Each structure stands twice: as C-alpha cells, then as structure tokens.
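The values are calculated or read from the model by the stated rules, or taken from the named source; none is laboratory data. These numbers were taken from a predicted model, which means no experiment stands behind them. All Cβ positions, even for glycine, are placed from backbone atoms using ideal geometry, and neighbour counts span all protein chains on display.
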Amino acid sequence: MNTPLVSIRNVAKSFAMPHGAQVVALRDVSLDIESGEFISIVGPSGSGKSTLLNIIGCLIRPSGGSYHLRGKSISLYSSNELADIRNEMIGFVFQSYNLLEYETALYNVLLPTIYRAGRMDARRQAVRSKLEEVGLLHRLGHLPAQLSGGEQQRVAIARALVNNPALLLADEPTGNLDSDTGEQIISIFERLNRENKTTVVIATHNRGIAARSDKVLEVRDGSTEQTS
C-alpha cells in the first residue's frame, strides 16, 4: 500500500487567549490525502477549515495528535526545516492574493525561488513558464494595481507553482472574485490536478466547487466528516 502524501490522526488545535482562556479550533481530526487527489474542505466561517489548511501547510503546528508528511512526522522538524519544506513541497494561494504591491508580476512570482539554488536566468525562465501557464505572460511587467482581481489571483497561482510543489493549498481562492472569474480560477486548479498530477486542497464555503472534487471534508465546530 502506498504511503499517503498527508496523514493526520486525532489532531487538535487550541489558541491561547488573554487572561488564560483557550479557544479550540480543531478537535480529534483524522484524514489522509493521497498524491494526485483534488480535495475540498468545506464549512462556514469560523468552523476551523482555515486552521486545518494551515496545519496541512506546516504554517502552524497542532496542539495534539500526529501529522505525517510523506511518511515522516512533522514533529521531527525544526522551524527552519519546516520553512524549507514549505518552500520546496507546498504552494499556497490565498483569498487576498498577498502580492507585493510595488513589485511586478514577474518579481512576485520570482520571490519563492530566491531561497533556492540555481542560475537567475533559469529561475526567470521558470517564472515566465508559470505565468504563461496561467495565461499572463503578457502581464509580467505589470504591478498588482494594474491587474484585475482575477489576474492578481492567477499571478498568485503562478507564484505558488514556481517551485513545482507536490501539494497546492488554496484558502477561499475565489472569495473576492465574481462567479465567471472564479470559474476560470477553479478551472486552472482542475487542469493542474489533471495534467500535472498536482495534489490540490481547497478550503471553501462554495458547494459548487466542492461538488467538483474527488473528496469533500466537512468541517463543523472543529470536527471533520468526509461527505463524499
């Protein structure tokens, strides 16, 4: 049997609040993600789906339970090692794009490659290739303010892909977009999953997106249930 790309068992996450209070974001969550799957994590705002996505992406550590990435426990990694894993293995796409305001599309996509070895001309070519893949090669010299919301999100997708990650995580990637532009973005994710075999995990409240996934995980009050 193949080892899952992601294996989470009985994970919990609490956050400390002022005056010693604790907020429980996740409780007793277990799931497996196989390489090449397209998964949606659905649930209302505050349900814990973004917290779960951040744990999968090694942005935060769980308070309890275990998380194995490619068969190895993330508890064995230092913070610096987890940063390297994020840079090498995981791409992130956010609702608010998170682009550098005063830098071009080319530089925004180039940024994750700065911490990797390789010639600058080869890295620039990789950036051009990813911008072409999302249909924005003709916009590489534009600043974010010169791009539409959908174009900014496509730049963010190119940035997430530039290091060829095994796992692409997207947190409400269509939340700031109209329905037609959102459809274009989801179609890009589907094509990446189908043609490049990229594992895609999307946190969303959009049931239409979820219906197009291989697997749907429902998050409610910090607990998960697979619904399809």
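Among the residues of segment 19-65, write down those that are in contact with a helix residue (DSSP H, G or I) (Cβ under 9 Å, 6 or more places away or on another chain), among the small types (Gly, Ala, Ser) and at negative phi.
If the condition is that a residue be in contact with a helix residue (DSSP H, G or I) (Cβ under 9 Å, 6 or more places away or on another chain), among the small types (Gly, Ala, Ser) and at negative phi, then 25, 40, 57 are the ones that fit.
Quick check on this structure: which one of 79, 148, 75 is over 20 Å from the mean Cα position of the chain (by Cα), under 30 Å from residue 2 (Cα atoms) and without any contact (Cβ under 8 Å) to a residue 40 or more places away in the chain?
75
Take the residues in segment 1-35 that are of a type in the set (Ser, Thr, Tyr) and in a loop (DSSP other than H, G, I, E, B), then tell me which one is nearest to residue 50 (Cα to Cα).
Ranking the qualifying residues of segment 1-35, first place goes to 35.
If you take just the strands (runs of 3 or more DSSP E) that sit entirely in segment 177-228, which of them hold at least 1 residues that are under 16 Å from the mean Cα position of the chain (by Cα)?
199-204, 215-220
Which ones in segment 154-182 are β-branched (Val, Ile, Thr) and more than 21 Å from residue 90 (Cα to Cα)?
Of everything in segment 154-182, just one residue is β-branched (Val, Ile, Thr) and more than 21 Å from residue 90 (Cα to Cα), namely 181.
In this structure, is residue 223 of a type in the set (S, T, N, Q), within 21 Å of residue 57 (Cα to Cα) and surrounded by fewer than 23 Cβ atoms within 10 Å (Cβ to Cβ)?
yes
Mind checking which residues of segment 99-141 are loosely packed, with under 10 Cβ neighbours inside 10 Å and either on the phi > 0 side of the Ramachandran plot or not in a helix (DSSP H, G or I) (or both)?
Across segment 99-141, the qualifying residues are 101, 102, 117, 118, 119.
Can you tell me which residue within segment 82-98, out of those that are touching a residue at least 60 places away in the same chain (Cβ under 8 Å) and not in a loop (DSSP other than H, G, I, E, B), is farthest from residue 5 (Cα to Cα)?
It comes out as 94.
Residues in segment 156-163: is at least one under 16 Å from the mean Cα position of the chain (by Cα), buried (at least 17 other Cβ atoms within 10 Å of the Cβ) and not in a helix (DSSP H, G or I)?
yes
Would you be able to tell me the number of residues in segment 128-156 that are among the aliphatic types (A, V, I, L, M) and touching a Ser or Thr at 6+ places or on another chain (Cβ under 7 Å)?
2
Give me the pairs, please: first residue somewhere in segment 18-29 and without any contact (Cβ under 8 Å) to a residue 24 or more places away in the chain and exposed (fewer than 13 other Cβ atoms within 10 Å of the Cβ), second residue anywhere and aliphatic (A, V, I, L, M) and part of a strand (DSSP E or B), beta-carbon distance under 8 Å, and either six or more positions apart or on two chains.
Partner pairs satisfying both residue conditions: 22/16.
Can you name every residue in segment 59-72 that is assigned to a loop (DSSP other than H, G, I, E, B) and without any contact (Cβ under 8 Å) to a residue 24 or more places away in the chain?
Listed by number, the list holds a single entry, 61.
Among 169, 192, which is the only one that is modelled with pLDDT of 90 or more, buried (at least 21 other Cβ atoms within 10 Å of the Cβ), among the aliphatic types (A, V, I, L, M) and closer than 25 Å to residue 65 by Cα?
After ruling out the rest, the residue left standing is 169.
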